[in-house]
Amino acid sequence: MTPGARLAAAIEVISAIDAQRVPAAKALKEWGTAHRFAGSGDRAAISGLVFDVLRRKASSAWIMDDDTPRARVFGMMKLERGVTADALAALCDGSRFAPDTLSPAERHALTVRTIEGAPAPVAGDYPEWMDDHLAEVFGDDRVAEAAAMARRAPLDLRVNTLKTKREKAAASLAHLGAKPTRWSPWGLRIVLGADARNPGIHAEEDFLKGGVEVQDEGSQLATLFSGAKPGEQVIDLCAGAGGKTLALAAMMQGKGRLIATDGDKRQLAPIHERLSRAGVHNAEVRAPKGDVDPLSDIRASADLVLIDAPCTGTGTWRRNPDAKWRIRPGALEVRLKAQAEVLDRAAPLVKPGGRIVYVTCSVLSAENNAQIRAYLARHPEFSVLPPAQVAGPLWDKAEDFLAAVLQSPEGLLMTPRRTGTDGFFVAVLRKAG
């Protein structure tokens, strides 16, 4: 396909997303099924265009003074890809598979208009109803923080120290451009260009043999800050597919008791194969069965309970850009209730002197700071560890990390702008001994 044909295809997919109100992944899959002539490179390029449009949906429409799929694609090409009006006009030549030629209004907008003076939700590319929430956390920096969450994310890998070392894995994956992450001692990062396809990491020998797993550096750090140790009893209370369970197992070096569970047993489906591939032998998966509590035999005996809490996912907008436009205020209220419930569930599981590590991939104070304050009011036997103590496992990097993150009395917040990671909040709560 020509670059112009790819552009036209992106406009078609964006139109389908608008008309059918479907997730971008579904719309792209349906387009690919209907256009089997498109090669893998074409599909990757079209996908990149579509997701970039979703990342810059509001600002692209503002630039063009028009909110149609065509306008948003063109606005994105200027804002995100740096394409000039003349270069875009060359792609839109009106030939059989290319978009129609630029109108005088489109050429004028591409030449003259900027996002200077745009409202914060437009300049930062986020829903208007989120503005107060982001202002509460970031103040006047909210546009810069949100703009960083609108850029394409790198591909991060966690090296499984039960199987290999980071230096060895980095050498093995050097052909993909894998380099050590800035903060995580286990991480490798592959930076991806605008048109780059995600590398087939699942076909790499290092992955197949359990040496690496896909995991954002922020998620790795959240697990590192749990301080899990060999010989401890550790519970991953919202284990899901097991990303943090695997990291906990590596920290425990196969020693101790590791229990993974989740309120939704369907979420646990991939965990068994992942544990096997990673060489984890001290993990027990407990799926819920009806109204029976899978942790009914545990009372005040856990050294650590990790809560990877259900949340709005605002910290992962750069990976899931269509999610930020689909979320509604009511979804936040549902998440807040679920978070409070899982925090209360964890309290009786922890032994005196033990700890709860509360993690969200959200940047919203309601899900983070306010949730912790409310929990401490209900459970005064817990106290928050200061950020300096939480970041201790980073050793010589801790001081720079603490200067980068947003610290608060309730915990610490990582963001793409501050730490180059997804947005993650981490609070470590210790129970009085």
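Structure above, values below:
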item: Probe 1.4 Å, accessible area per residue of the chain, Å²; result: 43 Å²
item: Within a Gaussian network of the chain (alpha carbon springs, distance under 10 Å), most fluctuating of D140, D156, D322; result: D140
item: Dimensionless Rg over Rh [the stretch 199-294; C-alpha; Kirkwood]; result: 0.97
item: Whole-number D in µm² s⁻¹ for the stretch 243-308, Kirkwood Cα-pair radius fed into Stokes-Einstein, 4 °C, 1.567 mPa s; result: 102 µm²/s
item: Rounded tilt (10° steps) of 3-20 against the dominant C-alpha axis of the chain; result: 60 degrees
item: For the stretch 226-349, convex hull of alpha carbons as volume per residue, Å³; result: 122 Å³
item: Largest-first principal axis extents, alpha carbons of the stretch 164-226, Å; result: 34, 28, 17
item: Cα extents of the stretch 317-393 along the three principal axes, largest first (Å); result: 43, 28, 18
item: Space enclosed by the convex hull of the alpha-carbon atoms of the chain, per residue, Å³; result: 150 Å³
item: The stretch 29-68: chymotrypsin sites (Phe, Trp or Tyr not before Pro) in DSSP loop, at most 12 other beta carbons within 10 Å; result: F37
item: Cα-derived Rg over Rh, computed across the stretch 114-229 with Rh taken as Kirkwood radius; result: 1.10
item: Per principal axis, descending, Cα span of the stretch 210-250 in whole Å; result: 26, 19, 18
item: Helix axis angle, 329-346 relative to the chain longest principal axis, alpha carbon, degrees; result: 20 degrees
item: Packing rank of 123-129, 245-251, where each peptide gets the mean count of other beta carbons within 10 Å, highest leading; result: 245-251, 123-129
item: Ratio Rg/Rh, restricted to the stretch 16-113 and using Cα atoms, in which Rh is the Kirkwood radius; result: 0.97
item: Solvent-accessible area, 1.4 Å probe, carbon plus sulfur percent, for the stretch 275-395; result: 56 percent
item: Selected from A146, A391, A370 as most flexible by GNM, with the chain as the system and alpha-carbon contacts under 10 Å; result: A370
item: 222 nm mean residue ellipticity, helices alone, for the chain (DSSP H n ≥ 4; -39,500 (n - 2.57); rounded to 500); result: -12000 deg cm²/dmol
item: Exceeding the 27 Å Cα-Cα cut-off - candidates K165/K324; K179/K244; K324/K431; result: K165/K324; K324/K431
item: Difference of contour (0.36 nm per residue) and Cα-Cα distance, T2 to Q389; result: 133.9 nm
item: At q = 0.22, 0.24 Å⁻¹, base-10 log of I(q)/I(0) for the stretch 1-68 (Debye sum, equal scatterers on each alpha carbon); result: -0.93, -1.08
item: Listed residues A309, A169, A89, most fluctuating in the chain (Gaussian network, C-alpha, under 10 Å); result: A89
item: The stretch 278-348: C-alpha pair distances exceeding 18 Å, %; result: 58 percent
item: Rounded to 5, percent antiparallel among DSSP beta bridges of the chain; result: 60 percent
item: Calculated diffusion of the stretch 68-163, Stokes-Einstein form, Kirkwood radius summed over Cα pairs, 37 °C and 0.692 mPa s, µm²/s; result: 204 µm²/s
item: Förster radius 25 Å - calculated FRET efficiency between A377 and D293 (Cβ-Cβ, nearest 0.05); result: 0.50
item: Projected area averaged over orientations for the stretch 144-188, convex hull of C-alpha atoms, nm²; result: 3.8 nm²
item: Inter-part distance where the stretch 222-269 and the stretch 273-342 are each reduced to a Cα centre, Å; result: 11 Å
item: Gain in span if fully extended, A203 to H108, counting 0.36 nm per residue against the direct Cα distance; result: 29.5 nm
item: Surface share of carbon and sulfur [accessible, 1.4 angstrom probe, percent] for the stretch 99-248; result: 52 percent
item: Carbon and sulfur %, accessible surface of the stretch 1-82 computed with the full protein complex present, 1.4 Å; result: 53 percent
item: Peptide ranges 160-168, 420-428 listed from the most packed, as the mean C-beta count within 10 angstrom indicates; result: 420-428, 160-168
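The values are calculated or read from the model by the stated rules, or taken from the named source; none is laboratory data. Keep in mind that this is a model prediction, so the values were computed, not measured. Glycine gets a Cβ as well: all are built from the backbone with ideal geometry, and neighbour counts include every protein chain shown. Ligands, DNA and RNA are excluded from the accessible area calculation, which covers all protein heavy atoms including side chains. Shrake-Rupley method; radii C 1.70, N 1.55, O 1.52, S 1.80 Å.
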